[in-house]
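Below you'll find the structure, written out as structure tokens, and then a few comments.
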Amino acid sequence: MFREIVRSQTTLLLERIQIYCKRLFTKNVDASKLEKLQLELLEESHLSRSYVILILGSCIIATLGLIANSAAVIIGAMIVAPLMLPIRALAFGALEGDVILFRRGLISVAVGTLLAVILAWLLASLAAISLFGSEILARTKPTLIDLGIAIAAGGISGYAKIQPKISGSLAGTAIAVALMPPICVIGIGLANGNWSLSMGATLLYLTNLLGITLSCMAAFLATGYVKLSQARKALIWAIALTGILLIPLGLSFVDLVRQTRLEASLKQALLKRTITFQRVDLVKTETNWLVNPPEVRLTIRSQEKVTPKQVELLEEFVERAMGQPFRLIFDVSQVEEVRRKQTTTPR
């Protein structure tokens, strides 16, 4: 009895989903609205002087923000970056089979990316940085989480384009968040000859680009601006290309989970099982997994100095406790306890 009820309810649910999808993908959009969208996307994907200026400006802001390790400055670059405009045109052109629109969007994205990489490389070469901050390192190990963010951002962008009540700047900010910083990290890595840095940032850029494109296609398709029968081939290609990235992204996600657990275990081992850390306050830890062995930068407050011999002993202890070597780097803030002068009262 119970099985029959579950089976009937499941069948009913599937039928409702099928009816909804049929209604969703058979919507008819007025020819005037479709033509207006095509003209707007064609204009947005034009490789104009304004587009190039915004690309260069946002790249300068993002690169300097990454070098200075300033999240606020990087956010400013995200707002300025115009890369979301040709990506939407590229997605719609692929669905519609509009060669001119697709080619114009692709050229604008490619030229903007190339200009940003070259400019970031020049700025990083002039800055001659040797240490990478957390903002740079955060964009070198993309995971499935980044793909999810890109898909959400692309969906917002595609939907906002066909809904005039939604601010265009909202979609622009959502897309730019994912694209300009990793492009700049590619240039920074090339300037320093760090191929792992550039390759990781390239994977993040491709992940965001394909995720955004795919979800833009889905938004245009779901709102009836493109028919499923017409868009099937382009949609299959976008899904296939995005699917290829699932392998490295999945592996990176597994590494991320392992690294997070390892960092937590390392912190607990240092705090609870060493005499040194019973006399200091641990403020922050940052781990650079791009080098071998991984570097752990520990920011501490202490009334006593931390000697090189102590660091060496701690590294040996960590290797025994964790089963792998780590290089420990301490940023020590000396703390001095000061009290008011004690006065004696006469009897």
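None of the figures in this text is laboratory data; all of them are computed from the coordinates on show. Keep in mind that what you see is a predicted model, and the values were worked out from it rather than measured. We place every Cβ from the backbone using ideal geometry, glycine too, and count neighbours over all the protein chains shown.
For a paramagnetic label modelled on residue 145 (point 7 Å from Cα along Cα→Cβ), amide N atoms under 19 Å away belong, within region 201-216, to 201-209, 211-212.
A crude spin-label estimate for the pair residue 223 and residue 299, with each label 7 Å from Cα along the Cβ direction, gives 4.3 nm.
Three semi-axes describe the equivalent ellipsoid of region 196-273; taken as square roots of 5 times the Cα gyration tensor eigenvalues and ordered largest first, they are 39, 13, 10 Å.
Annotation: for a label point projected 7 angstrom from Cα along Cα→Cβ of residue 339, residues of region 286-304 with backbone N closer than 19 Å are 303-304.
Cβ-Cβ distance of residue 331 and residue 79, R₀ of 41 Å, FRET efficiency by 1/(1 + (r/R0)^6): the value works out to about 0.80.
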